[in-house]
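In what follows, a single structure is set out as structure tokens and then discussed.
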Amino acid sequence: MIWDRRYECMPREEIEQLQLERLQSTLHRAYRNVSFYKKKFDQLKISPDEIQSKKDLAQLPFTTKEDLAGSYPYGMFALPLREVIRIHSSSGIRGKPTVTGYTRNDLHHWSQLTARVLSAGGVVKDDVVQIAFRYGLFTGAFGLHHGAELIGASVIPMSTGNTHLQVMIMQDYKTTALVSTPSYALYIARYIESQGIDPKSLSLKRGLFGGEPCPESIRKEIAERLFIDVTDNYGVSEVMGPGISGECEYKNGLHLAEDHFIPEIVDPQTLQVLPMGAEGELVLTTLTKEAFPLIRYRTRDITALDSTPCPCGRTLLRMKKVLRRSDDILILKGMKIYPSQVESILMEIEGVEPHYQIIADRVQGIDTLELKVEVNENVFSDAIKNLQSISAQIERRLRELVGVSGKVKLVAPESLRSPEGPAPKIIDRRI
Amino acid sequence: MLRVESLSAYYGAIQALRNVSLHVSAGEMVTLLGANGAGKSTLIKVISGIHPSAKGRWFLNGQDISGLPVEEILRRGMGQVPEGRQIFAPLSVLDNLMLGAYSRLRGEGKKTVLQDLESVYELFPILRERKDQRAGTLSGGEQQMLAIGRALMSRPKILLLDEPSMGLAPRIVGMIFQTIQTLRRKGMTILLVEQNAKAALKIADRGYVLENGRILMEGESEDLLNNREVQRAYLGKEYREVWE
């Protein structure tokens, strides 16, 4: 179902006009209220007054995750905190999270956008929606929660974990829609089978998955095991959270909310804007955000845009499923892991070298993380008890800082380096 | 219906508008808010062809009308109710109204014009009562009705209303705004320029906030009413700051 026909099916010419208007006003507000943008524009001798068309956007500087880290916590807010009614944060870099704020209007728009994604995935007011994203600082759970409430569905704020209870509630409360990461859905599917429960005895009809890549193979497996319709949706916590794009019933790409964001595809190396249809890094500019506007934010996600008409009637263009990233970031259990985070942890700990390898794998549908770390000579010959305590320390810091539990394996000095250079920092065996 | 793309306007060396883009869809009522001197009236003057010193493009029904002379723009369906009414005081109410249809009389003949006169009288019965009176003797509210009626006589596709509440008593403002709402309900497309932000946002679908010649915000009326900056600057709601 189409939630907001007026905007989702707007004639292209009107979308373009709306984008230009909102881009210009966003630039004026960002320039006036965010010193980061004022400085950056002034340095480059660009004035927001010069932006006369969407094409001119290409003259503007990018915003990166590093920029956000540099203005921790509130440096890039465009409004004072008294206007902000919600604060979320996502995994940051250099040990500090990235903080985002929302005004009342921002939250209102966010709910509207997640309602669009949920409606496109088939959720209606008669649905019982079980939200199995972690509630808390992360945007996934709350974003989709508000959208589901707006639609009028019955929302179960289940959060993650406790799969036994999760499945019991799914059976007893007659959940019809599951909202989670694809890997957790797969885990639930396997759990159900292991308990001897017939998945057809559930009321479950659809799954709306996001937070991590959902390749076709996973979609197929979940759909076949749980007998549900699976749609993929996409969000970026720094930009807003879920609601940026989502699949419709035709599953031929994710319709992007162009009335709230301008997407660009750039070459991650040259940073040149690429033509429609080309594959590259997705760059987003917010058009309506009041508290935390972002101009040309580099998402690091690799995708391509498709402007051909979709049979569903929506005129918003579509982006391909995101299956990989332009940097060596790893998305695991819906969390982003940056090599720099791991480095900062290793720097703190006595006896190890900042030489490491992150290995992501999927065992029985659940993401696993293994971290190989080189120890130095002194420690390597040390008592096994000592080694265990070092691994435990790293594992604890990983949980605290990155929010992911992983298994640490200490390896001999120099073993992660070869004459050709260091071994790859990230090995993703899930793809 | 009306689409303005990156319009800049100048008074000599002074730039009054900077890259203003906005649109009004068919059947929509949009309000343009802003303080004195923000550039609201300049914008109206530029798009209706009165103020010629401008850059950018603007379209009526998809046709480029940028830089066209005022009479041509009027002929293409842009009806204007100017700031301060600008009625012809020595002429009768009826003559003022008929002047509104001046450009149509030759082409269409009197019959359709008289039908329109009838519907203006229906909208504003007081104008029928005073049709032979000199316009200058009308009250402020009645003059505003006359100005709106006169603009309607040109059968506009879009009506530009420049500060219709100016200088009127609150009760009269309420009446004028009700009439504007009635027009909207009848399908008229309206761009309403107002300093009275609260009244305007109550009846408009969307709004733009103009400040120092730039558009700082665009949004549905409800969003603008919820925006604390708009509240502070245009709705007269001051908040005591507890901390900064």
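Please treat every number below as a calculation from the coordinates, not as lab data. Keep in mind it's a predicted model, so treat the numbers as computed, not measured. Cβ coordinates were reconstructed from backbone atoms using ideal geometry, including for glycine residues, and neighbour counts include every protein chain displayed.
Karplus-based coupling profile of the stretch A:224-232, in residue order and whole Hz: 6, 7, 9, 6, 10, 8, 10, 10, 9, with θ = phi - 60° in 6.51 cos²θ - 1.76 cosθ + 1.60 and x standing for Gly or Pro. Amide H to amide H distances under 5 Å link residue B:189 with B:27, B:159, where only residues 5 or more positions off or on other chains count and H is placed in the peptide plane.
For the protein assembly as shown, a simple Cβ point-charge model (Lys and Arg +1, Asp and Glu -1, everything else neutral) yields a dipole of about 1480 debye relative to the Cα centre.
Mean per-residue shielding of peptide A:31-37 is 1, counting Cβ atoms of other chains within 10 Å of each Cβ. Amide H to amide H distances under 5 Å link residue A:235 with A:211, where only residues 5 or more positions off or on other chains count and H is placed in the peptide plane.
Panel values: chain B, Kirkwood radius from alpha carbon pairs, Stokes-Einstein at 37 °C and 0.692 mPa s, translational diffusion coefficient 177 µm²/s. By the Cα gyration tensor, the stretch B:108-177 has an equivalent ellipsoid whose semi-axes, rounded to whole angstrom, run 22, 15, 10 from largest to smallest.
Neighbour counts of C-beta atoms inside 10 Å place A:389, A:119 in the sequence A:389, A:119, starting with the fewest.
In chain A, with Lys and Arg counted as +1 and Asp and Glu as -1 at Cβ, which of these residues, A:157, A:424, A:263, has the Cα nearest the positive end of the dipole, that is, farthest along it? Going by the charge dipole, the pick is A:157.
Its DSSP H runs of at least 4 residues, each contributing -39,500 (n - 2.57), put the calculated 222 nm mean residue ellipticity of the protein assembly as shown at -10000 deg cm²/dmol, to the nearest 500.
Largest GNM mean-square fluctuation among A:140, A:121, A:196, using chain A with Cα springs under 10 Å: A:196. Extending 7 Å from the Cα toward the beta-carbon at both residue A:405 and residue A:427 defines two label points whose distance is 2.4 nm.
Close amide H pairs (under 5 Å, H built 1.01 Å from N) link residue A:230 with A:207, residues at least 5 positions away or on another chain. For the protein assembly as shown, the Kirkwood estimate of the hydrodynamic radius, built from every pair of different alpha carbons, is 28.1 Å.
Highest mobility in the GNM of chain A, judged by mean-square fluctuation with C-alpha springs under 10 Å and restricted to A:412, A:360, A:148, is found for A:412. Distances between every pair of Cα atoms in the stretch A:190-327, grouped in 5 Å steps from 0 to the bin holding the largest one, split as 2, 10, 18, 20, 18, 13, 8, 6, 4, 2, 0 percent.
Net charge dipole, the stretch B:25-124: roughly 300 debye, given to the nearest 20, about the Cα centre with Cβ charges of +1 for Lys and Arg and -1 for Asp and Glu. Inter-chain Cβ neighbour count for B:223-235, averaged per residue, equals 3 (cutoff 10 Å, partner chain atoms only). Here the stretch A:1-155 yields Rg over Rh of 1.01, to two decimals, using C-alpha coordinates and the Kirkwood radius. Neighbouring Cβ atoms from other chains, within 10 Å of the Cβ of residues in A:142-149, number 0 on average.
Here's the list of lysines a cross-link from residue A:320 could span, going by alpha-carbon distance under 29 Å and ignoring same-chain residues fewer than 8 apart: A:54, A:55, A:65, A:125, A:205, A:220, A:251, A:289, A:333, A:336, A:425. On the basis of the beta-carbon distance and an R0 of 22 Å, residue B:14 and residue B:35 show a calculated FRET efficiency of 0.85. As a calculated quantity, the FRET efficiency between residue B:111 and residue B:182 at R0 = 30 Å, using C-beta atoms, amounts to about 0.75. Within the straight-line cut-off of under 15 Å between alpha carbons, the aspartates and glutamates reachable from residue A:45 are A:56, sequence neighbours fewer than 8 places apart in one chain being disregarded.
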